[in-house]
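Report on one structure; see the data block that follows.
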């Protein structure tokens, strides 16, 4: 039998855990332990130490720890959940916008038509009538636009509220159709607002477009989850509030112009 | 119990915070033991648990359900405990140079307790606590993970970002310190 390398205490520690030693060295130690009383005593000392560690009192959590942890955790988890859902909504809107790009080309023809009509209207108006008549016509045109956009925003508000609060499939079906019908008019109003020099309103309406498109394309599956996501999105972006505020502002400015 | 955890994990993965609360309740005691052993401080352990549960919730979708949730959670908790210690500047940048056993004992024998000090268990507990507090965080973590958590040297090395040899040395030094506290020099 070949003599084996001396066995160190460190190796006895690894032997105790049966980890970090190859099979041959484990076998050497095992054999030596049965042959050598001195090694057995060294090994027993290590075992005693570790047994005493095991005999130490186990750290005990106090009875309130779980409740205390949860109290601090709950708001953080809610916030994390909202952030995740908000991200998923933003992703959906973003991908939808990306997917609509080819169609934008087709719609641009419609925009061009509206623009041509608008330019013709303004050009024709500016050529003949006296200044007072032009001013009255401008005010009238803006009032009409405000009234139409306010009505459009009321319908949009209804769609958003229904989509975020309703779990009814039938109601959501109707809501999808309504959202689809609002997409195009939303775009035309945005264009009209831009033509009338109301960049703020035009920007706001453009901001609504992807939301309406997303609602128009909302699938049946996961409607409840979508509603929750929309609620979070609306809450995070204050979109519903902005819709209502813009609607009220348009109503007021319409009244002033009358 | 484990099947039960798997059920709650599946629910929690859908964003169900009540299901996650069940998981918190089921794992609080075990996680607390681990975190206290690693940090040596109940308040720090509680902060570590807070972070561990929060991180677990955020990364729940990454959890592979073929593994055990409690094992995954413990790994996160040990990392969180080490992070808490780092924030409090209690983690050493590197392990001290390896000393040979003889040197170690010659340096520390002066503070080793005599047989009379081991007369009662309360004194033993105080000696163990004193030695545990003298361990570096890495020594204590490596020892806790190997001895109490039953993790392999390979896993511990990965968790503590050490090579296997440094990981072994950390455990050896921890056991030597404990022997000093518990075994009166002969």
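The values are calculated or read from the model by the stated rules, or taken from the named source; none is laboratory data. Please read these numbers as outputs of a predicted model, since none were measured by experiment. No Cβ is skipped: glycine too gets one built from the backbone with ideal geometry, and neighbour counts run over all protein chains shown.
Taking the criterion of being touching a residue at least 24 places away in the same chain (Cβ under 8 Å) and closer than 29 Å to residue B:133 by Cβ, the residues of the range A:26-59 that qualify are A:42, A:43, A:46, A:47, A:50.
Scanning the range B:10-22 for residues that are under 24 Å from the mean Cα position of the chain (by Cα) and more than 10 Å from chain A (Cβ to nearest Cβ) yields a single hit, B:22. Filtered by the rule that a residue be under 13 Å from residue A:69 (Cβ atoms), more than 7 Å from chain A (Cβ to nearest Cβ) and surrounded by fewer than 21 Cβ atoms within 10 Å (Cβ to Cβ), the range B:23-37 gives a lone residue, B:26. Among the residues of the range A:1-21, which ones are farther than 20 Å from residue B:149 by Cα, assigned to a loop (DSSP other than H, G, I, E, B) and either in contact with a helix residue (DSSP H, G or I) (Cβ under 6 Å, 6 or more places away or on another chain) or within 13 Å of chain B (Cβ to nearest Cβ) (or both)? A:4, A:6, A:7, A:8 - these are the residues of the range A:1-21 that are farther than 20 Å from residue B:149 by Cα, assigned to a loop (DSSP other than H, G, I, E, B) and either in contact with a helix residue (DSSP H, G or I) (Cβ under 6 Å, 6 or more places away or on another chain) or within 13 Å of chain B (Cβ to nearest Cβ) (or both).
Among residues of the range A:167-182 that are closer than 24 Å to residue A:205 by Cβ, those with a beta-carbon under 8 Å from a residue that is assigned to a helix (DSSP H, G or I) and at pLDDT below 80 at least six positions away or on a different chain give the pairs A:172/A:162; A:172/A:163; A:172/A:223; A:175/A:162; A:175/A:163; A:179/A:163. Regarding residue A:82, is this residue modelled with pLDDT under 85 and within 11 Å of chain B (Cβ to nearest Cβ)? Considered against the rule, which asks whether it is modelled with pLDDT under 85 and within 11 Å of chain B (Cβ to nearest Cβ), residue A:82 comes out as yes. Is it the case that the range A:43-63 has a residue that's more than 9 Å from chain B (Cβ to nearest Cβ), buried (at least 16 other Cβ atoms within 10 Å of the Cβ) and modelled with pLDDT of 95 or more? The answer is yes; a qualifying residue exists.
Only one residue in B:162, B:178, B:138 is at pLDDT 75 or above, crowded, with 19+ Cβ neighbours inside 10 Å, out of contact with any strand residue (DSSP E or B) (no Cβ under 8 Å at 6 or more places or on another chain) and not in a helix (DSSP H, G or I), so which one is that? Even if it seems obvious, please write down each step before you answer.
Details: B:178 fails: not in a helix (DSSP H, G or I); B:138 fails: not in a helix (DSSP H, G or I).
B:162 is the lone residue from the list that is at pLDDT 75 or above, crowded, with 19+ Cβ neighbours inside 10 Å, out of contact with any strand residue (DSSP E or B) (no Cβ under 8 Å at 6 or more places or on another chain) and not in a helix (DSSP H, G or I).
Conditions tested, residue by residue: (1) in contact with a helix residue (DSSP H, G or I) (Cβ under 8 Å, 6 or more places away or on another chain); (2) modelled with pLDDT of 85 or more; (3) assigned to a helix (DSSP H, G or I).
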position: A:154; (1), (2), (3): yes, yes, yes
position: A:170; (1), (2), (3): no, no, yes
position: A:182; (1), (2), (3): yes, yes, yes
position: A:192; (1), (2), (3): yes, yes, yes
position: A:209; (1), (2), (3): yes, yes, yes
position: A:212; (1), (2), (3): yes, yes, yes
position: A:224; (1), (2), (3): no, no, yes
position: A:229; (1), (2), (3): yes, no, yes
position: A:241; (1), (2), (3): no, no, yes
